[in-house]
1. Quick check on my filter: what residues within region 72-100 are of a type in the set (A, V, I, L, M, F, W, C), in a helix (DSSP H, G or I) and either within 12 Å of the ligand (Cβ to nearest atom) or out of contact with any helix residue (DSSP H, G or I) (no Cβ under 7 Å at 6 or more places or on another chain) (or both)?
2. Within region 216-294, which helices (runs of 4 or more DSSP H) (wholly inside it) include 1 or more residues that are among the basic types (Lys, Arg) and surrounded by fewer than 19 Cβ atoms within 10 Å (Cβ to Cβ)?
3. Quick check: is even one residue across region 130-150 within 13 Å of the ligand (Cβ to nearest atom) and surrounded by fewer than 21 Cβ atoms within 10 Å (Cβ to Cβ)?
4. Which residue pairs have Cβ atoms under 6 Å apart, sit 6 or more places apart or on different chains, and have a first residue in region 258-284 that is in contact (Cβ under 8 Å) with a residue 60 or more places away in the chain and a second that is among the small types (Gly, Ala, Ser) and open to solvent by 20 Å² or more (accessible area, probe 1.4 Å)?
5. Take the residues in region 1-58 that are within 9 Å of the ligand (Cβ to nearest atom) and among the basic types (Lys, Arg), then tell me which one is nearest to GLY126 (Cα to Cα).
6. Among the residues of region 3-12, are any of a type in the set (Val, Ile, Thr), over 28 Å from ARG248 (Cβ atoms) and surrounded by fewer than 24 Cβ atoms within 10 Å (Cβ to Cβ)?
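The values are calculated or read from the model by the stated rules, or taken from the named source; none is laboratory data. Computed from a prediction, not measured in an experiment: that's the story for all the values here. Using ideal geometry, Cβ is built from the backbone for each residue, glycine included, and neighbour counts are taken over all protein chains shown. Remember, those area values only see protein heavy atoms, side chains included, never the ligands or the DNA or RNA. Shrake-Rupley method; radii C 1.70, N 1.55, O 1.52, S 1.80 Å.
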Amino acid sequence: MKLGFIGIGYMGRHMARNLAKGGHQLTVFDIRQEAAEELLSMGSSWADSPRAVAAASEVVFTSLPNPQDVEEVATGEWGILSGAAPGSVYFDLSTTDPDTVHRIAAAGRTKEVTVLDAPVSGGTIGAEEATLCIMVGGERAAYESYKPVLDLIGDKVMYCGELGSGAVCKIVNNLIGMSLRVLLPEAFTLGIRAGVDAKTLFEAVSMSSGDTRVMHTYPDGLFKGNFDPGFQVDLAAKDVGLATEMARNLRVPLVLSNLVQQHYIEAQNRGWGGLESSAIARLQEENAGVEIRA
Ligand code: NAD
């Protein structure tokens, strides 16, 4: 099948590679052309714009940082919808909000292009190993037709419901994950100050009710003071912001989540936006005068 892929970043490069390895003919674009080198060496083709990607593809995927990037790439002058043939399908794998998804899908309908939201979870390792969870919202028939293609990039592909449902599931998931990244350092600095080392705390919690996947990123990350990005603070801040904004629109009080958002804003103002999201722990380390290292 002829597939298009736009946004070859930390996630996109792995997902695109897995689609190509699945035997599909890939056309790719990114504002950083050098990001495509590996894919081009594997036989993928380069296109000069999202429009050109769409013109060459039956199905287009995007994996882009923010909702604004997605909307521009989808509906802009040189965007996907300006080049996509009637009957083609577009899956957005980025984390965006349901309103953006609905606007893009409405524009898609005028061109007879089916748009689905399909955000992913599982991090760069899940992307590399094709073990992502993919949360899909939109037309069920299109989901079912292209599920075998989605299966190439994730082993937990889920139909969430009508358009925007995938985005809602992803925002809920990330609000939990990003909040834990603020809470865990509070608990760990407390335990360390009280005299128990980080490794022992990790082992005890990992066998107890406080265990969480977020904590399992610590041995290779926070415990080593390694903040090389896979999932950047800027993207974490974006995701928490998507949740609090959605909650305001829906009049759902989110008392703790809005506090969590302030931590991410502060981390961005410290210049940590490009670091791995676990770098949020450094705020609590400073406040407590305790480092969480093992
Ligand atoms: P990234 O910043 O590494 O990659 C984004 C890519 O898009 C970059 O290569 C960038 O050059 C390109 N890009 C930006 N604007 C563009 C434009 N207008 N046209 C074409 N290309 C453009 O981000 P990422 O970490 O790969 O994340 C991508 C999406 O996936 C985000 O929405 C993020 O929230 C989500 N996500 C990330 C992770 C993770 O662990 N990194 C996990 C799950 C979901």
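1. Within region 72-100, VAL73, ALA74, ILE80 meet the criteria.
2. In region 216-294, 233-250 are the helices (runs of 4 or more DSSP H) which contain 1 or more residues that are among the basic types (Lys, Arg) and surrounded by fewer than 19 Cβ atoms within 10 Å (Cβ to Cβ).
3. Yes, region 130-150 contains at least one residue that is within 13 Å of the ligand (Cβ to nearest atom) and surrounded by fewer than 21 Cβ atoms within 10 Å (Cβ to Cβ).
4. Listed pairs, sorted by first residue: VAL260/SER179.
5. The selected residue is ARG13.
6. Within region 3-12, none of the residues are of a type in the set (Val, Ile, Thr), over 28 Å from ARG248 (Cβ atoms) and surrounded by fewer than 24 Cβ atoms within 10 Å (Cβ to Cβ).
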